[in-house]
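For reference, the structure I am asking about is given below.
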């Protein structure tokens, strides 16, 4: 598996091209599709199969219209449609096999109710806005923040410490680093409960 991160300067968001060893590929969160992304797809000979959306905010979906004009692709999200474009709807626990890419779907509501994290080939976590390097996503209320933290602690932190986090904004990280230094998680009751259970 190869992962090509791209910073969309239009939206200051990360777009990811992920390919398997046979050249089958997917795009995760097409914030804005520019010439550089298209050239990367073509130069690597990628057979683009699908687009995965972590959540429907325009910051991460604006480029969908451009992609479907160029490529015959399936679009996956937690919604039936995004920006008027039909999607294949995903739910928590679903699994996709796209070429040699084994994709696990994890629902992590809080930032938005449709927020998904994609775990690909066990070791790569594409977290959208859910989990960032050193922080978590913004929420509209204290209740939504508690829901987000609870979702992260119960669904993501049990994954291997070596898993690499590919966030929707900012730098890459590792799950182990976030367990050690992510302030939003360290101050939460869910984090304390998780550590207590680990010590039992």
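From the list 99, 65, 93, exactly one residue is more than 21 Å from residue 144 (Cβ to Cβ) and in contact (Cβ under 8 Å) with a residue 24 or more places away in the chain. Which is it? Step through it out loud before you land on a result.
Values: 65 fails: in contact (Cβ under 8 Å) with a residue 24 or more places away in the chain; 93 fails: in contact (Cβ under 8 Å) with a residue 24 or more places away in the chain.
Going through 99, 65, 93 in turn, the sole match is 99.
Working only within region 4-19, note down all residues that are in a strand (DSSP E or B) and under 16 Å from residue 170 (Cβ atoms). Let's see the steps before the verdict.
Our first condition is that a residue be in a strand (DSSP E or B); within region 4-19, this holds for 4-8, 13-19.
Of everything in region 4-19, those that are in a strand (DSSP E or B) and under 16 Å from residue 170 (Cβ atoms) turn out to be 5, 6, 7, 8, 13, 14, 15, 16.
What residue, among those in region 3-15 that are in contact (Cβ under 8 Å) with a residue 60 or more places away in the chain and buried (at least 22 other Cβ atoms within 10 Å of the Cβ), is nearest to residue 123 (Cα to Cα)? Give the steps one after another, and end with the answer.
Let us first name the residues in region 3-15 that are in contact (Cβ under 8 Å) with a residue 60 or more places away in the chain, namely 3, 5, 12-14.
With the extra rule that they be buried (at least 22 other Cβ atoms within 10 Å of the Cβ), the set shrinks to 13-14.
Working: 13: 22, 14: 18 Å.
My answer is 14.
Also, I was wondering about something else. Would you pick out the residues in region 112-138 that are surrounded by fewer than 18 Cβ atoms within 10 Å (Cβ to Cβ) and more than 25 Å from residue 20 (Cα to Cα)?
Applying the first criterion (surrounded by fewer than 18 Cβ atoms within 10 Å (Cβ to Cβ)) to region 112-138 yields 113, 121-123, 133-135, 138.
Result: 113, 133, 134, 135, 138.
So how many residues does region 80-98 have that are within 15 Å of the chain's Cα centre (by Cα) and either surrounded by 12 or more Cβ atoms within 10 Å (Cβ to Cβ) or in a strand (DSSP E or B) (or both)?
5
I'd like to check something: does region 133-143 contain any residue that is in contact (Cβ under 8 Å) with a residue 12 or more places away in the chain, closer than 23 Å to residue 93 by Cα and part of a strand (DSSP E or B)? It would help to see each step written out before you state the result.
Kept after step one, since they are in contact (Cβ under 8 Å) with a residue 12 or more places away in the chain, are these residues of region 133-143: 133-139.
Within this subset, residues satisfying the condition of being closer than 23 Å to residue 93 by Cα are 136-137.
Among the residues that remain, those that are also part of a strand (DSSP E or B) are: 136.
Checked against the condition, which is being in contact (Cβ under 8 Å) with a residue 12 or more places away in the chain, closer than 23 Å to residue 93 by Cα and part of a strand (DSSP E or B), region 133-143 yields at least one hit.
Could we say that residue 22 is at pLDDT 95 or above, under 16 Å from the mean Cα position of the chain (by Cα) and either more than 24 Å from residue 171 (Cβ to Cβ) or in a helix (DSSP H, G or I) (or both) here? Walk me through it before giving the result.
Working: at pLDDT 95 or above: yes; under 16 Å from the mean Cα position of the chain (by Cα): no; either more than 24 Å from residue 171 (Cβ to Cβ) or in a helix (DSSP H, G or I) (or both): yes.
When the stated conditions are applied, residue 22 does not pass them.
Okay, next question. Considering 37, 53, which residue is surrounded by 19 or more Cβ atoms within 10 Å (Cβ to Cβ) and within 13 Å of the chain's Cα centre (by Cα)?
Values: 37 fails: within 13 Å of the chain's Cα centre (by Cα).
Exactly one of 37, 53 is surrounded by 19 or more Cβ atoms within 10 Å (Cβ to Cβ) and within 13 Å of the chain's Cα centre (by Cα), namely 53.
Can you confirm whether region 36-53 contains a residue that is modelled with pLDDT under 95, under 26 Å from residue 151 (Cα atoms) and not in a loop (DSSP other than H, G, I, E, B)?
No, the conditions are met nowhere in region 36-53.
If you don't mind, another one. Given the structure, is residue 159 touching a helix residue (DSSP H, G or I) at 6+ places or on another chain (Cβ under 7 Å), in a loop (DSSP other than H, G, I, E, B) and modelled with pLDDT under 95?
Numbers: touching a helix residue (DSSP H, G or I) at 6+ places or on another chain (Cβ under 7 Å): yes; in a loop (DSSP other than H, G, I, E, B): yes; modelled with pLDDT under 95: yes.
It is true that residue 159 is touching a helix residue (DSSP H, G or I) at 6+ places or on another chain (Cβ under 7 Å), in a loop (DSSP other than H, G, I, E, B) and modelled with pLDDT under 95.
Does residue 77 satisfy the condition of being without any contact (Cβ under 8 Å) to a residue 60 or more places away in the chain, under 18 Å from residue 114 (Cα atoms) and within 13 Å of the chain's Cα centre (by Cα)? Reasoning before the result, please.
On the way: without any contact (Cβ under 8 Å) to a residue 60 or more places away in the chain: yes; under 18 Å from residue 114 (Cα atoms): yes; within 13 Å of the chain's Cα centre (by Cα): yes.
In short, yes.
The values are calculated or read from the model by the stated rules, or taken from the named source; none is laboratory data. Remember, predicted model here, so these are calculated numbers, not experimental data. We place every Cβ from the backbone using ideal geometry, glycine too, and count neighbours over all the protein chains shown.
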